[in-house]
Amino acid sequence: MTTLLDERRTSLVSKDDYLRSYAHAALVEGRSVVVVLNGTATLFYAASQSTTATTAFAIRHGSGLLRVALPYARTEHLSIPYMDPSFSTTAERMCVSVDAATGITTGISALDRSRTARILAAEQSQVSDLVRPGHVMVVAVDDAAEPTTASGVALKAASISGLGAAAVATELVSVRYPTEMMDAEEAYHFAATHELAILALSSRSNRN
């Protein structure tokens, strides 16, 4: 069984334990969390909690490319098509990028992308609330399966934290080697420096 691992606890945790964890508290408070998976680091936060500040932080320390993870059904409801209709994976599918239809300017600023993320997270949002293409990437995730990707972990963490089924994520760029992506070792230092929680994905069996 795939489970979430809270690195500050350094032990596998059940869903109930996760809801009492530092990472859960951070998300609820609107802060970002680092997920370490397969040796790489991704920053994420609940899309419903997106602010200009959290978005600017993600843009500054990430690749600049922000994606919002949504369940398959949600992308269908909002008529956000897959980039390549023939592309198929059991984990996730990349979709056409979007912008908020109103309340933004160019769509690229932290302020604009934050608004777009909140619209994607809002249950009452409709097809007409978005324009396509835009500046926020969307990834459709199979939320019925256990997470195997960083986007899946982010979506599940936001969902079980009661923050809606939508999460903003971006891969972190190395501070030490700016032309490379951040590895797991550096991710722990980054998280400690910025007082962020860390989640990692483990495929080890957990019967608790």
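Among the residues making up region 51-72, a single one is of a type in the set (K, R) and either under 12 Å from the mean Cα position of the chain (by Cα) or under 16 Å from G30 (Cα atoms) (or both): R67. For S125, the conditions (1) open to solvent by 40 Å² or more (accessible area, probe 1.4 Å); (2) in contact (Cβ under 8 Å) with a residue 24 or more places away in the chain are fulfilled apart from (1). If you check every pair at least six apart or on different chains, which have Cβ atoms under 8 Å apart with a residue in region 36-54 that is at positive phi first and a residue that is surrounded by fewer than 24 Cβ atoms within 10 Å (Cβ to Cβ) and among the small types (G, A, S) second? Final answer for the pair search is G39/A184. The residue of region 72-108 that is nearest to G152 (Cα to Cα), among those that are modelled with pLDDT of 90 or more and of a type in the set (D, E), is E76. The residue that is nearest to S109 (Cα to Cα), counting only those in region 134-148 that are modelled with pLDDT of 95 or more and among the β-branched types (V, I, T), is V136. Pairs meeting the criteria (first residue in region 173-188 and of a type in the set (V, I, T), second residue open to solvent by less than 90 Å² (accessible area, probe 1.4 Å) and in a loop (DSSP other than H, G, I, E, B), beta carbons under 8 Å, at least 6 apart or on different chains) are V173/S63; V173/M182; V175/M182. Inspection of region 147-158 identifies at least one residue that is in contact with a Gly (Cβ under 9 Å, 6 or more places away or on another chain) and under 22 Å from S48 (Cβ atoms).
Annotation: of all residues in region 142-174 being in contact with a Phe, Trp or Tyr (Cβ under 7 Å, 6 or more places away or on another chain) and under 18 Å from S97 (Cα atoms), the one that is surrounded by the most Cβ atoms within 10 Å (Cβ to Cβ) is A167.
The values are calculated or read from the model by the stated rules, or taken from the named source; none is laboratory data. As the structure is a computational prediction, the values presented were derived from the model and not from experiment. We place every Cβ from the backbone using ideal geometry, glycine too, and count neighbours over all the protein chains shown. When the accessible area is computed, the model is the full protein with side chains, heavy atoms only, and any ligands, DNA or RNA have been set aside. Shrake-Rupley method; radii C 1.70, N 1.55, O 1.52, S 1.80 Å.
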